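*Asks:* The structure is given below, and queries will be raised subsequently.
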Amino acid sequence: MPSRVPPGQFETKAFPVLQSGRIHDELNAHNWDLEVYGEIEKPQKWNFEQLQALPHSNVQVDIHCVTTWSKLDTKWRGILFTDLVKIIKPTKKAKFVVMECEGGHTTSLPLEEMLKPNVMIADAYDGQPLEAKHGGPVRALVPHKYFYKSAKWLRKLKFVEKDEPGFWEVRGYSNTADPWQEERYS
Ligand SMILES: Nc1nc2c(c(=O)[nH]1)N[C@H]1C(S)=C(S)[C@@H](COP(=O)(O)O)O[C@H]1N2
Ligand SMILES: [Mo]
């Protein structure tokens with residue numbers, strides 16, 4: 001059977017916590033909201049309660065951090081990106097999605113990458129509300145990319161025609177970030 005651990009990675013049972021700045025534990029289900037804007041037909045601002053009313057799915061996926069840890073069979077719940085786009089309807093001009101986080105951190109991906117299986121806006125991990133240290137109340141989950149594409153403390157999704165490389169990407173990390181191709185640095 002082919003390995004589930006990509007080249008240069010090792011498996012960990014722990015769940016390390018990584019971010020550029022501090023943990024945004026001031027965010028919670030009462031003061032958080034998500035703005036979705038840019039090249040879409042139906043701009044939105046959802047608070048946490050409104051987000052709960054959107055269709056939710058469960059996924060079980062392996063995650064891979066560029067610092068070489070991989071964690072297998074992680075269980076998440078949230079709104080699949082493929083379900084999200086049915087509501088907001090990206091225009092023909094929408095080619096990239098910029099994920100904007102509390103505190104100014106960003107990352108981005110082509111819209112087609114966000115439409116791949118298991119990509120979601122996650123609000124629960126392992127059957128519990130998503131903890132602040134892992135990006136709660138709501139984060140992005142893009143399991144087929146290195147984990148720096150999975151924005152924690154997500155506050156805005158901006159749909160754009162031209163890419164806007166994010167925090168780690170402008171600091172030398174790969175913008176494509178495929179763990180199976182070991183796309184770590186640019
Ligand atoms: N807002 C924000 N999200 C972020 C980051 C960050 O610095 N800020 N770092 C990324 C990196 S490098 C990793 S490995 C994962 C870590 O997620 P975890 O702390 O839940 O393991 O979050 C990603 N999302
Ligand atoms: Mo990372």
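*Asks:* Answer yes or no as to whether Leu111 is at pLDDT 95 or above, open to solvent by 10 Å² or more (accessible area, probe 1.4 Å) and touching a strand residue (DSSP E or B) at 6+ places or on another chain (Cβ under 7 Å).
*Replies:* Taking the combined requirement at face value, the residue satisfies it.
*Asks:* Search segment 132-186 for residues being of a type in the set (Lys, Arg) and crowded, with 19+ Cβ neighbours inside 10 Å, and hand back the single one that is farthest from ligand 1 (Cβ to nearest atom).
*Replies:* Applying the filter and picking the extreme gives Lys158.
*Asks:* I've got another one for you. Could you check, for segment 4-13, whether at least one of its residues is under 16 Å from the mean Cα position of the chain (by Cα) and either in a loop (DSSP other than H, G, I, E, B) or β-branched (Val, Ile, Thr) (or both)?
*Replies:* No, segment 4-13 has no match at all.
*Asks:* Right, next: Quickly run through segment 89-117 and pick out the residues that are away from ligand 1 (no atom under 16 Å from the Cβ) and free of Cβ contacts under 8 Å to residues at least 60 places away in the same chain.
*Replies:* Answer for segment 89-117, where residues must be away from ligand 1 (no atom under 16 Å from the Cβ) and free of Cβ contacts under 8 Å to residues at least 60 places away in the same chain: Lys89, Lys92, Pro110, Leu111, Glu112, Leu115, Lys116, Pro117.
*Asks:* Also: For the subset of segment 15-55 comprising residues that are free of Cβ contacts under 8 Å to residues at least 40 places away in the same chain and part of a loop (DSSP other than H, G, I, E, B), which member is surrounded by the most Cβ atoms within 10 Å (Cβ to Cβ)?
*Replies:* Leu54
*Asks:* Let me spell it out: the conditions are (1) within 18 Å of Lys162 (Cα to Cα); (2) under 15 Å from the mean Cα position of the chain (by Cα), and Lys93 meets all of them except one. Which number is the exception?
*Replies:* Result: Lys93 fails condition (2) only.
*Asks:* Further, regarding this structure: Could you grab me the full set of residues in segment 60-77 that are within 11 Å of Thr12 (Cβ to Cβ) and not in a strand (DSSP E or B)?
*Replies:* Cys65, Thr67, Thr68
The values are calculated or read from the model by the stated rules, or taken from the named source; none is laboratory data. Given the structure is predicted, the values throughout are model-derived calculations rather than measurements. Note: ideal-geometry Cβ built from the backbone for every residue, glycine included; neighbour counts use all protein chains shown. The area values use the complete protein model at the heavy-atom level, side chains included, leaving out ligands, DNA and RNA. Shrake-Rupley method; radii C 1.70, N 1.55, O 1.52, S 1.80 Å.
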